[in-house]
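As C-alpha cells, the structure follows; a few thoughts come after it.
The values are calculated or read from the model by the stated rules, or taken from the named source; none is laboratory data. Because the structure is predicted, anything quoted here is derived from the model rather than measured. With ideal geometry, Cβ positions are generated from the backbone for all residues, glycine too; neighbour counts draw on all protein chains shown. Quick note on the areas: whole protein, heavy atoms, side chains included, nothing else; ligands and nucleic acids left out. Shrake-Rupley method; radii C 1.70, N 1.55, O 1.52, S 1.80 Å.
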Amino acid sequence: MSVAAAYAMSAPDGQFEKLMIERRELGPRDVLIDVKYAGICHSDIHTARDEWGSAKYPCVPGHEIAGIVAAVGPEVSKHQVGDRVGVGCMVDSCGVCGPCLANEEQYCDNGATMTYNTQVDSSIQPGGYTMGGYSTQVVVTENFVLSIPEGIGLDVAAPLLCAGITLFSPLRHWNAGPGKKVAIIGMGGLGHVGVKIAAAMGADVTVLSHSLSKQDDGKRFGAHHYYATGDKQTFRELRNRFDLILNTVSADLPIDSYLRLLKLDGTLVILGIPENPLSVRSFILAGYRRALAGSMIGGIAQTQEMLNFCAQHGIGAEIELISADEIDGAYDRVVASDVRYRFVIDAATI
C-alpha cells in the first residue's frame with residue numbers, strides 16, 4: 001500500500017482535518033496520479049455533511065481532480081509518466097452491461113464506482129470505500145483517467161470533470177447548436193460553464209437567473225440574452241421560446257412556469273436535484289408535446305470529447321483558488337452562493 005496526505009471530515013458536524021490515508025498498490029492497469037488541483041462541488045458538501053445519508057467517515061470528497069501521472073502499471077497503454085490527466089465522478093464500472101458497452105458508464109446497470117463514498121473491496125481501496133481528490137495522490141484504473149489537453153490550465157480544468165461534463169452531456173444529447181435556442185436556469189458553478197459551452201456550440205443562449213446581478217458576466221461568457229426570473233414579465237415575454245432548457249439549480253422551482261417557455265417539441269432537463277418531488281400539470285406537457293427529462297454526467301468517452309472541445313475553444317471554469325485549510329469556509333460560502341464561480345483546492349497545500 002502507498003500512503004497519501006488528505007483532508008477529511010470525521011463527522012457530519014465536524015471540520016476538515018489533515019490525515020494520512022492508504023492507497024492501493026499499483027495494479028497492472030492502474031495509474032498513480034499526483035493531484036495538483038481538486039474542485040469543490042456541491043455534491044461534496046452534501047456528502048461530507050451527510051445531507052444525503054449513508055456517508056462514510058472519515059470522508060475524503062473530491063471528484064474534480066486534475067494532476068500529473070506519477071507512475072503506471074505494466075499493462076497501461078493510454079497514459080504515461082508526466083501526462084496531464086484528470087479524474088471525474090467515476091473510477092470504475094462493470095464494463096459488461098448495456099450502458100457500459102454503449103460508453104454510458106454513468107448509467108451502469110450494476111452501479112458505477114464513484115470517486116468517493118462508494119463501498120468497494122478493500123483491495124481496491126483500503127478501508128473498503130473510495131476516497132476522493134482532496135488528497136495528494138490517487139490510484140485509478142487507466143480506463144477512467146482522462147487526458148487534459150495542453151490548451152487548458154490544470155486549475156481551471158478541474159471543475160470541468162464534473163461541472164463541465166454535466167452540462168456538455170445534455171447539450172450534446174439534445175443537439176444544441178446553430179439554430180437552437182437554449183436557456184440555462186441559474187449561472188453558478190454549473191450554469192456558467194454551460195453558458196460557455198452552449199455558446200461555443202453555436203446555440204442562441206439565454207440565461208434565466210433570479211436577478212440581473214451576474215448579467216455582465218453572462219454576456220462575457222457568451223450569453224446572447226439575460227433575464228431575471230424575479231420579474232414576472234420574463235415568463236410572459238419568453239413563452240414558447242426555447243428548444244432546450246437546462247435547469248442547473250437545486251431549489252424548488254415553479255416547473256410549470258418554465259415548461260411554458262418551451263416551444264413545440266422542446267425539452268426541459270433537470271440537472272440540479274431539488275429536495276422535494278416535482279409537480280407538473282400534464283396538459284402543459286401535452287399541449288406543445290413538451291418533454292421533462294433528467295441527465296447526469298457523461299460517460300468517459302464523452303468526457304474526453306468535452307475536454308478536447310473546451311481546449312479547442314479556450315473554455316475553463318472561473319475559479320477561486322484556495323488552500324486546503326480554507327475548505328470549511330469555502331463550503332459555507334458555496335451554500336451561501338458566495339463564489340464566482342467554483343472553488344478549487346491547491347493540492348500543494350495539502
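Could we say that Gly39 is closer than 17 Å to Val87 by Cα and open to solvent by less than 50 Å² (accessible area, probe 1.4 Å) here? Explain how you work it out, then say what you get.
Values: closer than 17 Å to Val87 by Cα: yes; open to solvent by less than 50 Å² (accessible area, probe 1.4 Å): yes.
It is true that Gly39 is closer than 17 Å to Val87 by Cα and open to solvent by less than 50 Å² (accessible area, probe 1.4 Å).
Checking each residue in the stretch 42-78 for being among the hydrophobic types (A, V, I, L, M, F, W, C) and either over 26 Å from Leu167 (Cα atoms) or touching a helix residue (DSSP H, G or I) at 6+ places or on another chain (Cβ under 7 Å) (or both) picks out Ile45, Trp52, Ala55, Cys59, Ile65, Ala66, Val69, Ala70, Ala71, Val72, Val76.
Can we say Asp346 is open to solvent by 70 Å² or more (accessible area, probe 1.4 Å) and not hydrophobic (A, V, I, L, M, F, W, C)?
On the way: open to solvent by 70 Å² or more (accessible area, probe 1.4 Å): no; not hydrophobic (A, V, I, L, M, F, W, C): yes.
Against the criterion (open to solvent by 70 Å² or more (accessible area, probe 1.4 Å) and not hydrophobic (A, V, I, L, M, F, W, C)), Asp346 does not qualify.
For the stretch 238-247, does any single residue satisfy the condition of being modelled with pLDDT of 95 or more and either more than 20 Å from Lys180 (Cβ to Cβ) or small (Gly, Ala, Ser) (or both)? No, there is no match, as no residue in the stretch 238-247 is modelled with pLDDT of 95 or more and either more than 20 Å from Lys180 (Cβ to Cβ) or small (Gly, Ala, Ser) (or both).
Meeting the requirement of 1 or more residues that are among the β-branched types (Val, Ile, Thr), closer than 22 Å to Asp44 by Cβ and open to solvent by 10 Å² or more (accessible area, probe 1.4 Å), the helices (runs of 4 or more DSSP H) wholly within the stretch 91-209 are 154-157, 163-173.
Conditions tested, residue by residue: (1) free of Cβ contacts under 8 Å to residues at least 60 places away in the same chain; (2) of a type outside the set (A, V, I, L, M); (3) surrounded by fewer than 19 Cβ atoms within 10 Å (Cβ to Cβ); (4) outside any loop (DSSP other than H, G, I, E, B).
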{"residue": "Tyr7", "(1), (2), (3), (4)": "no, yes, no, yes"}
{"residue": "Leu19", "(1), (2), (3), (4)": "yes, no, yes, yes"}
{"residue": "Glu22", "(1), (2), (3), (4)": "no, yes, yes, yes"}
{"residue": "Leu26", "(1), (2), (3), (4)": "no, no, yes, no"}
{"residue": "Asp34", "(1), (2), (3), (4)": "no, yes, yes, yes"}
{"residue": "Tyr57", "(1), (2), (3), (4)": "yes, yes, yes, no"}
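One line per residue, one yes/no per condition, for (1) more than 28 Å from Leu146 (Cα to Cα); (2) of a type in the set (Gly, Ala, Ser):
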| position | (1), (2) |
| --- | --- |
| Lys232 | yes, no |
| Arg236 | yes, no |
| Asn247 | no, no |
| Asp252 | yes, no |
| Leu271 | no, no |
| Gly294 | no, yes |
| Ile297 | no, no |
| Gln312 | no, no |
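With respect to being open to solvent by 30 Å² or more (accessible area, probe 1.4 Å), among the β-branched types (Val, Ile, Thr) and either within 25 Å of Gly164 (Cβ to Cβ) or assigned to a loop (DSSP other than H, G, I, E, B) (or both), Val85 falls outside the description.
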